[in-house]
1. Pick from the range 156-179 the residues that are assigned to a loop (DSSP other than H, G, I, E, B) and either within 12 Å of ligand 2 (Cβ to nearest atom) or not charged (D, E, K, R) (or both): which of them is surrounded by the most Cβ atoms within 10 Å (Cβ to Cβ)?
2. Quick one: in the range 94-103, of everything that is farther than 22 Å from Leu177 by Cβ and touching a strand residue (DSSP E or B) at 6+ places or on another chain (Cβ under 9 Å), which residue is surrounded by the most Cβ atoms within 10 Å (Cβ to Cβ)?
3. If you check every pair at least six apart or on different chains, which have Cβ atoms under 6 Å apart with a residue in the range 212-241 that is closer than 19 Å to Gly259 by Cβ and modelled with pLDDT of 95 or more first and a residue that is part of a helix (DSSP H, G or I) and of a type in the set (Gly, Ala, Ser) second?
4. I'm told Glu281 meets every condition in (1) open to solvent by 20 Å² or more (accessible area, probe 1.4 Å); (2) within 21 Å of the chain's Cα centre (by Cα) except one. Can you identify the failing condition by its number?
5. Only one of (1) within 16 Å of ligand 2 (Cβ to nearest atom); (2) open to solvent by less than 40 Å² (accessible area, probe 1.4 Å); (3) in contact with a strand residue (DSSP E or B) (Cβ under 7 Å, 6 or more places away or on another chain); (4) under 17 Å from Leu34 (Cα atoms) fails for Ala231. Which number is that?
6. When you look at Val192, is it assigned to a loop (DSSP other than H, G, I, E, B) and closer than 29 Å to Ile74 by Cβ, yes or no?
7. Quick one: which of Arg205, Arg182 is open to solvent by 60 Å² or more (accessible area, probe 1.4 Å), more than 15 Å from ligand 1 (Cβ to nearest atom) and under 21 Å from the mean Cα position of the chain (by Cα)?
8. Could you check Ser45 against (1) touching a residue at least 60 places away in the same chain (Cβ under 8 Å); (2) within 15 Å of ligand 2 (Cβ to nearest atom); (3) over 24 Å from Leu203 (Cα atoms); (4) among the polar types (S, T, N, Q) and say which number it fails?
Amino acid sequence: MNIRSVIRATRPIGTANAFAADVIAGLTASPKNLPPKYFYDLTGSALFERITELPEYYPTRCEIGILQADAPAIASMFPPGCALIEFGSGSSRKARIILGAAATVEAYVPVDISGDFLQQDLAQLKRDLPHLVVHPLVKDFTQPFAIPPQLADLPRVGFFPGSTIGNFEPDEALHFLRHIGRILGRDSLLIVGIDLVKDEQTLVRAYNDADGITAKFNLNLLARINRELGADFDLAAFRHRAFFNREASRIEMHLASTGRQTVRIDGMTVGFAAGETVHTENSYKYSVGAFQSLARRSGWTPFKTFTDGMFCVHALRMVEEPTAYEDAGV
Ligand code: SAH
Ligand code: AVI
């Protein structure tokens, strides 16, 4: 695939069928669930950007504050002439902070499933940093992918901000960290941002904002199923629910059916009982120690943390040869 086709492709190949299969599997499971990666079509990514500006949603503000304060220290760990590979880059706003402090980064490879959104902010980034090679990849980052051949010889630094790793189950997060290790290779560096466990009120408010933007983000998943799979979800018949499950150390997001109803999706009918929910997202919160232990179990060596007490940016190094894949993907 040449660079032009990468830039034109806005949706990973085969995704429409995979979307339908995952939706049917999730809505016929008990309890019902949907994978959070499907939040991010163009509308969902734009809604996520609005979430990041909400007064209640502290993680983005906190992580940006940490990156602004510590970007020089973070950049000083980078090998000269490296490629910065970002997993789930969204608007690339945080990479910009790092790239602004790391003049020796030669290439930036943002990887995101939300293809239309990924393209939007990169033109400005290229204007601002004309020396930088920017090579976006529209991919599901849980699947193995190759670094573009012209960048393959550069030393690699991974960047995984936003607490996106918290949207995985802990065992999936472990496999995903191993997967990143295989992509980045031995001696690579990984910078990961993760939200810290804290008081319940702060956590719950971050996912139940007064303007209802998080509710819109959650409900957009049903709207997307209507748009792309011709389903007939009545959005007014579902309510956003978000609460902290302290035992599991996670915020759970659900969509609750306001009454008994049936929905047609892709030629089949799915029934909902009154009050039944679709579990749409987990957002795990980790203490510094719990995340470092997860990192160690995935082959990464933690060596520095940057924190404001609310959010933590971890620097990890892959000192061993990464283990081979046991299976395809995460
Ligand atoms: N890094 C940004 C965005 C976080 S939102 C920040 O810190 O603000 C999560 C991002 O990950 C979205 O842009 C979403 O499209 C992307 N994403 C989620 N699941 C993905 C997957 N399986 N493969 C690739 N990108 C994914
Ligand atoms: C991207 N991810 C880490 C966000 C989170 O906080 O779990 C997505 C989100 N969901 C609701 N609000 C924000």
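The values are calculated or read from the model by the stated rules, or taken from the named source; none is laboratory data. The structure displayed is predicted, hence computed values, not measured ones. Glycine gets a Cβ as well: all are built from the backbone with ideal geometry, and neighbour counts include every protein chain shown. Only protein heavy atoms, including side chains, enter the accessible area calculation; ligands, DNA and RNA are left aside. Shrake-Rupley method; radii C 1.70, N 1.55, O 1.52, S 1.80 Å.
1. Taking the range 156-179 and keeping what is assigned to a loop (DSSP other than H, G, I, E, B), we get 161-163, 168-169.
Checking the rest, the ones that are also either within 12 Å of ligand 2 (Cβ to nearest atom) or not charged (D, E, K, R) (or both) come to 161-163, 168.
On the way: Pro161: 28, Gly162: 25, Ser163: 22, Phe168: 18.
The extreme case among them is Pro161.
2. Narrowing the range 94-103 to residues farther than 22 Å from Leu177 by Cβ: 96-97, 99-103.
After this cut, where a residue has to be touching a strand residue (DSSP E or B) at 6+ places or on another chain (Cβ under 9 Å) as well, the list is 99, 102.
Details: Leu99: 22, Ala102: 20.
Going through the qualifying residues, I end up with Leu99.
3. His240/Ala215
4. Of (1) open to solvent by 20 Å² or more (accessible area, probe 1.4 Å); (2) within 21 Å of the chain's Cα centre (by Cα), only one is false for Glu281: (1).
5. Failed condition: (1).
6. Details: assigned to a loop (DSSP other than H, G, I, E, B): no; closer than 29 Å to Ile74 by Cβ: yes.
Judged against the criteria, Val192 is not a match.
7. Numbers: Arg182 fails: open to solvent by 60 Å² or more (accessible area, probe 1.4 Å).
Step by step, each of Arg205, Arg182 is checked, and only Arg205 is open to solvent by 60 Å² or more (accessible area, probe 1.4 Å), more than 15 Å from ligand 1 (Cβ to nearest atom) and under 21 Å from the mean Cα position of the chain (by Cα).
8. Answer for Ser45: the failing condition is (3).
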